[in-house]
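Structure first, then comments.
No value in this document is a laboratory result; all are computed from the given coordinates. Computed from a predicted model, the values in this text were never measured in an experiment. Here Cβ is always computed from backbone atoms with ideal geometry, including for glycine, and neighbour counts include all displayed protein chains.
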Amino acid sequence: MSTDATPEQKPYQDLTPEGRRLPRWFLGLAPLILSAIVLGLLSLAQAPGLARLGDVPPREEVAIESVRLSAGQIELVARNEGPDPVSIAQVNVSDYFAAFTQSRAVIDPLQATTIKVTYDWVEGDPYEIALITSAGGKILVAIAAAARSPEKEPSFFALMALLGVYVGVIPVILGMLWLPFVRRSSGAWVRGLLGFTVGLLAFLGFDATIEGWELASQTGAFGGPLVVLLGVMLAYLLLEGLDGWLKGHRRTAVGAENTTSPGRLALLIAAGIGMHNLGEGLAIGSAYAVGSLGLGAALIVGFAIHNTTEGLAILSPWAHEPPRLAPPRLLGLIAGAPAIIGCLLGATVYQPTLAGFLLGFGAGAVGQVAIKILPMLRDKAGRLLTPLTAAGMIAGIAVMYLTGLLVRA
Amino acid sequence: MYGWSSSKLPSRRAVLSGAAAAAAVPALSALALTAGALPEHGGHGPSEPGSGVPEAPPTPSPRDAPHADQRHAGHAGFQGGSVPPERAGIDPTAILRDFDRGRVSTLPDGRTLREWDLVAIDKDFEVAPGVTFPGWSYNGRIPGPSLWAQEGDALRIHFSNAGAHPHTIHFHGVHPAEMDGTPGIGAGSILPGQTFTYEFDAIPFGTHLYHCHQSPLAPHIAKGLYGAFIIEPKQGRPPADDMVMVMNGYNTDGGDDNEFYSVNGLPFHFMDFPVQVTQHELVRIHLINVLEYDPINSFHIHGNFFHYYPTGTMLTPSEFTDTISQVQGQRGIVELRFPYPGKFMFHAHKTEFAELGWMGFFEVRPA
């Protein structure tokens, strides 16, 4: 409500009995302040139910976020995902009490401790580590086959960046080499290719959501799998907002145009795929950093083929017109380069919940892009699902599924 | 970092990088020992963790341990050593030779009457550094008092239950049904706050035990309600350095195994405080196995052999050996003399139990 509004114009008045107006910010905050006061009074009065109930034994819920092995040492990151503080009192490696240090003697809820265990592990042997708490509880960690985790040296980070280039930048840019082919294709074929893109993006969206879900389920400290949905919704709404904002600016300049322009759509696709590749890079980097991913040629090839199709997705919308917003190579970078950031981030600050969130964020981004492309699939009669577009979508899903099998190696 | 100086020792990392191949523990300890860098009690824990990093020590600080500098190179153990007895609430060394002969009087018929007061008490024990075990105990100790009587004595055990759960005392021996400490028979379960006097005669002679027989049985025993019950033969036994060793375990997480194993209640205690004996002197160990959750326990001695008297009910040994096994409730007498002075290990020959706490040393003083 504006300050110059006269009382006659307003049907409701925020008036005290004395007739004095209260400031709007106060009316907004008042319920919050009031509830804080009520809660304060209740706890001062020690109202039943507010204090800790009698002799409830502490709940010890600890999730292991990462396990790293170096010469004579096993390093674990343990996060308290329960409501009570937890202390790790002893560390038992396959029925042997091992010497250890930890960054926190008491892990408060949501906090994590880094436990460095001195133990002469043997390459290839399985181990079961039991973290014994002060209350005698056991948190078990299984190592299927001991192997040295990659050292985090400059060369390691260089390798991670290179990995991002391999799986992100190169395939996407290679995929864009399909441009001449697309340019010479008829409108119907381009719609089929757009259908292919939609199928591809839809698959990526579901794939990333499921992967993020699995990762985030490892620890419930920050809400578990819920953060994946949070990421999906956040990315979708942010991109929609960005799109609407861009559209609003354009409309004032050019006039009413309700569909997203091909160039802007290409940028949106590139950004969406970029966010997806960020999550993908994160998953690769973290898996490699904790040693659960062997770096093989098959894996690189798999990711490369998998991501090459993403290049095709970017160029399909503007195949028949020159891009206005960004040159193709820049679009390729926008889509591919985040994989580098993801690899580096995943290898440095791996945290399952964060990884799950970012994977969800990527999923939301590609989902938004897929929905944006849909109107472009319409033929002159306005039909969305023609045999060609439907076949394109199926082909997109099939290609993603089949190339995805390569990276499970 | 802990009581001992890390600068005196080659750090584990240095040793490892020196011997590039993964150095096995024996190799490591041999290397360290030949270097002469270790004090006699060097390295109880496996090794010094990476030093120089400002890391918080595990709770509680091993500095609290008065014997933190007593470490044993190449042996399993807790970082910083076993829990000091006064902090743990258990002193295995004191339990070793603590025979409770009861309040002695003479009955009108001339027999000896022995009376004891046993109280079931819920009590927390620190069984490993930083690990609290909410125990159930007789007289506030695990194992409970070692009751000693002579064959044929009249015995009265006044039991009161100060714990939060019903308990009994079930004695191994020969006695009337209502004195068996079995729920539903005689006084049966003794409820919290109630008392009962078990009354029977000390027969047969041997090394026996007592424990709670309330159901569920496994936790009622394994939480600490057990102790030695020694009946000396009428004619006595040859004079010896008599001691009691009760082999037990602690299941701290409620699973189907034990996290910690010990003799006389405190894991690794006898690594830090060796059992003191004298060269050539006869040593008699009343060995009792009360371990729950694991099927078999064992006893092995280094550099020596012993005579074994199963259940101690006969005066001639059945075996001359260095290793025996016992199932739950099984017990016997180990008799030996140490011909050489020095330190000799004894431990469960099930190495899992040994490295989870059931190991120790005899320290033989020259005669």
Sequence gap at least 6, Cα distance under 8 Å: using those rules, report the relative contact order of the stretch B:127-206 to the nearest whole percent.
34
Alpha-carbon centroid distance for the pair the stretch A:330-409 / the stretch B:294-332, whole angstrom:
70
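Once you average over the residues of A:86-96, how many Cβ atoms of partner chains fall within 10 Å of each Cβ? The partial results should precede the final answer.
Working: counts 0, 6, 3, 11, 11, 2, 5, 1, 2, 9, 8.
For peptide A:86-96, the averaged partner shielding equals 5.
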Residues listed by number, the stretch A:109-131, amide nitrogen under 18 Å from B:GLU352 label point at 7 Å toward C-beta:
A:126-131
Run the reach check for B:LYS123 against lysines, Cα to Cα strictly under 27 Å, same-chain hits fewer than 8 apart removed. What comes back?
A:LYS138, B:LYS223
If R0 = 35 Å, then B:PHE305 and B:GLN235, at their Cβ-Cβ distance, give a FRET efficiency to the nearest 0.05 of 0.85
Estimate the FRET efficiency between B:ASP257 and B:ARG87 by the formula 1/(1 + (r/R0)^6), using the beta-carbon distance for r and 22 Å for R0, to the nearest 0.05.
0.30
Quote the relative contact order of the stretch B:241-365 in percent (integer), defining contacts as alpha-carbon pairs under 8 Å separated by 6+ residues.
32
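Which length gain, in nm to one decimal place, applies between A:ARG148 and A:TRP25 when the Cα-Cα distance is subtracted from 0.36 nm times their residue separation? Numbers along the way, then the final one.
On the way: separation 123, 0.36 × 123 = 44.28 nm, distance 5.81 nm.
Working it through step by step, the gained length comes to 38.5 nm.
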Within the stretch B:198-216: backbone nitrogen closer than 19 Å to the B:LEU107 label point (7 Å, Cα to C-beta)
B:198-206
About its Cα centre, the stretch B:241-365 carries a charge dipole, from +1 on Lys and Arg Cβ atoms and -1 on Asp and Glu Cβ atoms, whose size in debye to the nearest 20 is 520
Give me the distance in nm between label points sitting 7 Å out from Cα along the Cα-to-Cβ direction at A:LEU110 and B:GLU151, one decimal.
7.1
Sorted by average packing, counted as other Cβ atoms within 10 angstrom per residue and highest first, what order do A:163-175, B:306-318 take?
A:163-175, B:306-318
Here the residues of the stretch B:293-310 lying in the modelled label zone of B:LEU217, meaning backbone nitrogen under 19 Å from a point 7 Å along Cα-to-Cβ, are B:293-297
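Would you mind putting B:349-358, B:253-262 in packing order, based on average other-beta-carbon counts within 10 Å, highest first? Write down the numbers at each step before the final one.
Details: B:349-358: 21.8, B:253-262: 19.6.
Order by mean packing, descending: B:349-358, B:253-262.
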